[in-house]
Amino acid sequence: MKISVFGTGYVGLVTAACFAELGHEVLGADVDEGKILRLEKGEIPIYEPGLEEIVKRNMKERRLRFTTDTVSAVSFGELLFVAVGTPPTDTGEPDMRYVHAVADTIGENLAEDRRIVIMKSTVPVGISPQVRDRIAAKLAARGFDGRTTGGKKMDFEVVSNPEFLKEGDAIKDFMYPDRIVVGVVAPWAREVMADLYAPFVKSGHKILMMDPASAEMAKYAANTFLAARISLMNQLAGIAEVLGADIEQVRQALASDQRIGKHFLYPGVGYGGSCFPKDVTALAATAKKAGVDHSLIAAIEEVNAAQKARFAKKALEALGSARGKKLAVWGLAFKPKTDDMRQAPSVEIIEAFLSAGATVTAYDPVAHAEARKAFGDRIAYAEDMYLALDGAEALVVITEWAQFREPDFQKIGARMARKLIVDGRNIYDPEHMRELGFTYVSIGRPTIG
Ligand SMILES: NC(=O)c1ccc[n+]([C@@H]2O[C@H](COP(=O)([O-])OP(=O)(O)OC[C@H]3O[C@@H](n4cnc5c(N)ncnc54)[C@H](O)[C@@H]3O)[C@@H](O)[C@H]2O)c1
């Protein structure tokens, strides 16, 4: 099939590359000229394991191309994927301006009957008919009837196909999804979507066809659910600390319960990224607008904000006076295996350290360039994880990259001015820390030393 993808960010680029890998002819369109220029040279603007190889291979084999010409992308694709950003507005509701811009371009240029506009962007529940109307209005201005009756007929359909990929595992998540959700009304479009995803179904993956509003809500519900688990664990960790329980042991008891399961049960510094904070806030804002109770959902974000502040406070308390002291930070990206700094907890935590008068030297395997956008030269960036430690009064672990899990503790102790580790991800064993003579502060567990 011929597929156009509007937006070549995390979701759009992965979508374009993976559909090309499956044998489709794909055109990725973006209004960011710099991004397209880099992609045309085979450079990947984001860090995502495995993506570069797939992009390069499919470009070489001419199944994948990129353009800034969004008009040509309208005429190219039989399927028009929309994967542009939907950042939050002041009210928390998603900013639909980029989706609207793509819808307008489609309505102004659509020239073939029976094209399908597929929303991969995370959009407000119940929005599909509005996007459809927007395209239909542009078509009507050109003398076409976007519906099935009257005028010169130009039928098209807007389908919801939310994306559930995780940054850092995006290729695997796209190729081996837990489920594919498709919200579609017209039977002909339903058939096309079933054909598109038939190879996935053949290899045992589930496709769930539903109405568009339910598909849109499924995306928000999934992220809200996962964020709720994290906030609940963080609140339980806070309670465990005060009551003298060990949240790690509590976690293991919970994870063994089949009704609960083991995923998203790790307490930490609070969640971040471009999706959880935005989507939880958006669902709450949409519910508020609709006058529906959303008190539980609102609390998820409140607990998350408090967790980031609580962790920063805890690290500063362990340090004593922070003024003039050097802190080493391991991990800046909002999670391992990505360079994405959007809503990364490291930002608020490090800002709190700087406000308290500390100096910070940070190390992240891939996120320094993105982190510079947030901190500039207000912090130092170390070339390797051990270099960050020289003369530090504390090591603060914020992101649980694999290479931080089994470090050389002798080397750590020798480089630091004081053997203090503040672990925001509970990746070290407290007893081991005691044996090595570290003061060890973690989440929801008794402090060592
Ligand atoms: N990042 C994730 O892990 C993830 C996962 C699931 C869903 N989503 C959702 O997918 C959507 C995209 O997220 P992202 O992280 O890929 O965003 P992103 O900011 O990385 O990429 C969006 C891209 O769209 C481009 N764009 C803006 N207007 C355009 C236009 N008119 N025509 C063509 N391109 C245009 C931008 O230049 C940018 O490159 C969002 O709605 C997000 O909530 C993201």
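Annotations for the structure displayed:
- In range of the label at residue 155: residues from region 195-222 whose backbone nitrogen is under 20 Å from the point 7 Å along Cα→Cβ: 195-197, 210-212
- Dipole magnitude of the chain about its Cα centre (Cβ charges: Lys, Arg +1; Asp, Glu -1), debye to nearest 20: 160
- Taking every DSSP bridge with both residues inside the chain, close to 5 percent are antiparallel.
- Karplus-derived 3J(HN,Hα) values for region 13-18, using 6.51 cos²θ - 1.76 cosθ + 1.60 with θ = phi - 60°, are 5, 5, 4, 4, 5, 6 Hz; glycine and proline are entered as x.
- Label-point separation in nm, residue 410 to residue 62, each point 7 Å along Cα→Cβ: 5.9
- Hull-based mean projected area of the chain, where the convex hull spans the alpha carbons, in square nanometres: 23.0
- A helix-only calculation puts the chain at -13500 deg cm²/dmol for mean residue ellipticity at 222 nm, using -39500 (n - 2.57) for each DSSP H run of at least four residues, averaged over all residues.
- Label zone at residue 288, where the point sits 7 Å out along the Cα-to-Cβ direction: region 102-145 residues whose backbone N lies under 17 Å: 124-125
- With the simple model of a label 7 Å out from the Cα in the direction of the Cβ, residue 447 to residue 130 spans 4.9 nm.
- The spread of Cα positions in region 2-210, taken along each principal axis and listed from longest to shortest, comes to 49, 41, 39 Å.
- Note on the chain: with a GNM built from Cα contacts shorter than 10 Å, the maximum mean-square fluctuation among 315, 285, 253 falls on 253.
- Taking a straight line from the alpha carbon of residue 411, these lysines sit under 30 Å away, with near neighbours fewer than eight places off in the same chain left out: 308, 313, 314, 325, 326, 335, 337, 419.
- Sequence-distant lysines (8 or more away, or on other chains) whose Cα lies within less than 22 Å of residue 152: 138
- Among residues other than residue 63 with Cβ under 13 Å from its Cβ, the summed charge is +3 (Lys and Arg +1, Asp and Glu -1).
- Of 259, 229, 418, the one that fluctuates the most in a GNM where the chain has Cα springs shorter than 10 Å: 259
- Equivalent-ellipsoid semi-axes of region 224-441, from the Cα gyration tensor, Å, largest first: 30, 21, 15
- Computed extension length for residue 90-residue 256: 55.7 nm, one decimal, from 0.36 nm per residue of separation with the Cα-Cα distance subtracted.
- Chain lengthening between residue 114 and residue 377 when straightened (0.36 nm per residue, less Cα-Cα): 89.4 nm
- Between helix 345-355 and the chain: long-axis angle, C-alpha atoms, 0 to 90°, nearest 10: 50
- In degrees, nearest ten, helix 187-196 long axis to first principal axis of the chain (Cα): 50
- Inter-label distance, residue 190 to residue 321: 7.2 nm, where each label sits 7 Å from its Cα along the C-beta direction.
- DSSP beta bridges confined to region 2-210 are antiparallel in about 5 percent of cases.
- Highest mobility in the GNM of the chain, judged by mean-square fluctuation with C-alpha springs under 10 Å and restricted to 68, 15, 338, is found for 68.
- Crossing angle, helix 212-243 versus the chain [Cα axis fit, 0-90 degrees, rounded to tens]: 10
- For residue 206, the lysines whose Cα falls under 20 Å of its own Cα, not counting residues fewer than eight places away in the same chain, are 120, 166, 172, 219.
Values in this text are rule-based calculations from the coordinates and carry no lab data. Bear in mind that the values here come from a model prediction, so they are computed numbers and not experimental data. Heads up, the Cβs are rebuilt from the backbone with ideal geometry, glycines too, and the neighbour counts pull from every protein chain shown.
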